[in-house]
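Asks: Attaching a single structure in structure tokens format; questions to follow.
FYI, it's all coordinate maths here, none of it is from the lab. The model shown is predicted, which means the values in this text are computed figures rather than measured ones. For neighbour counting, all protein chains shown are included, and Cβ atoms are generated from backbone atoms with ideal geometry for every residue, glycine included.
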């Protein structure tokens, strides 16, 4: 299933990529995404997570099948809040080709 999703994401554009993450209940990921990436989205494939970043006053609950846009150039936290492991993915444009030609 993950490979199928990955192949679908690759059809969006030559600059689009995907990163899959899985985590256990009550565990969290602190992540920094550089501003070189654009159109960054977190989509939950299984379970439920809470998303927070420095600009938000409270966590955003993201259930299975839902997405949240990610602000780049700052840290954010994704915590698994379901009673079973969560699987989610980041989709983004890397802008690699554009930067190499500038």
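Asks: What translational diffusion coefficient, in µm²/s and rounded to a whole number, does the Stokes-Einstein relation yield for the chain at 4 °C and a viscosity of 1.567 mPa s, taking the hydrodynamic radius as the Kirkwood radius over Cα pairs? The partial results should precede the final answer.
Replies: Values: Rh = 14.2 Å.
D = 91 µm²/s.
Asks: Moving on. Below 8 Å, C-alpha to C-alpha, sequence gap of six or more: please give me the relative contact order for the chain in percent.
Replies: The normalised contact order for the chain reaches 40 percent.
Asks: Okay, moving on. Test of understanding: what is the full-extension gain from residue 77 to residue 4, defined as 0.36 nm times their sequence separation minus their Cα-Cα distance? Don't skip to the answer; put the middle values down first.
Replies: Numbers: separation 73, 0.36 × 73 = 26.28 nm, distance 2.67 nm.
Answer, rounded to one decimal: 23.6 nm.
Asks: So, one more: Exposure proxy check: 37, 75 ranked by fewest other beta carbons within 10 Å?
Replies: 75, 37
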